[in-house]
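These notes are about the structure you will find just below.
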Amino acid sequence: MERIAQVSIFIALGVGLGYAFAPVPNVELVIPTIFLSGVLLGKREGGITGFLTFLIFGFFNPYGPSPPPLLFAQVLGGMMVGVCGGFIPPGRLSFFLSGFLLTLLYDILTNLSGYILFPGGKTFLAYMVAGLSFSLIHIVSNTLIFGVVVYPLYSKLKHGR
């Protein structure tokens, strides 16, 4: 029962932070929150947190529900982030690297989902190029958030200080 409560708290935190940062393009705390759930609770709970956080946020997004291919990519990406959090060795450098790599993979998944909605020879390149500037902001901001915010928060929560 305790694990259900902990996962629920992370889901609520992730969804709430998603709403709070929705007006800020590609700066978010959902992925870092899901990652932290995996680090603190384990890969299974992190995966569940990622799945449910993006499922809820995708359906009840302030800008409207995500189209099915995007929702699938978001949920898959969220699960990936949570599960990977359970495998990452604690350390500031590993958190920075995780922020970079996991956000990059998440952005590739979600940008590809746009192509699935409108397939065609030229649309693949268009989706990747159009998403590049947003992805760059997202990747840089999450890399910094993972190392500068999430790692110290993890240290405090893990060691009770």
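No value in this document is a laboratory result; all are computed from the given coordinates. Please read all numbers here as calculations on a predicted model, not as lab measurements. Neighbour counts run over all protein chains shown; Cβ positions are idealised from the backbone, glycine included.
Here are the numbers:
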read-out: Karplus 3J(HN,Hα) series, Hz, for segment 129-139 with 6.51 cos²θ - 1.76 cosθ + 1.60 (x for Gly, Pro); value: 5, 5, x, 4, 5, 5, 5, 4, 4, 4, 5
read-out: Shape call, the chain: gyration tensor on alpha carbons, a/c limit 1.5; value: prolate
read-out: Exposure rule at most 14 other beta-carbon atoms within 10 Å, DSSP loop chymotrypsin sites (Phe, Trp or Tyr not before Pro): the chain longest free segment; value: 88-161
read-out: Cα gyration tensor shape of segment 1-79, rounded if a/c is under 1.5, else prolate or oblate by comparing a/b with b/c; value: prolate
read-out: In order through segment 142-148: 3J(HN,Hα) via Karplus (6.51 cos²θ - 1.76 cosθ + 1.60), integer Hz, x for Gly, Pro; value: 5, 4, 5, 4, 4, x, 8
read-out: Neighbourhood net charge (12 Å Cβ-Cβ; Lys/Arg +1, Asp/Glu -1) for Gly85; value: +1
read-out: Three-way shape label, segment 34-107, alpha-carbon gyration tensor, a/c 1.5; value: prolate
read-out: Simple Cβ-charge dipole of segment 2-159, Lys/Arg +1 and Asp/Glu -1, about Cα centre, in debye nearest 20; value: 240
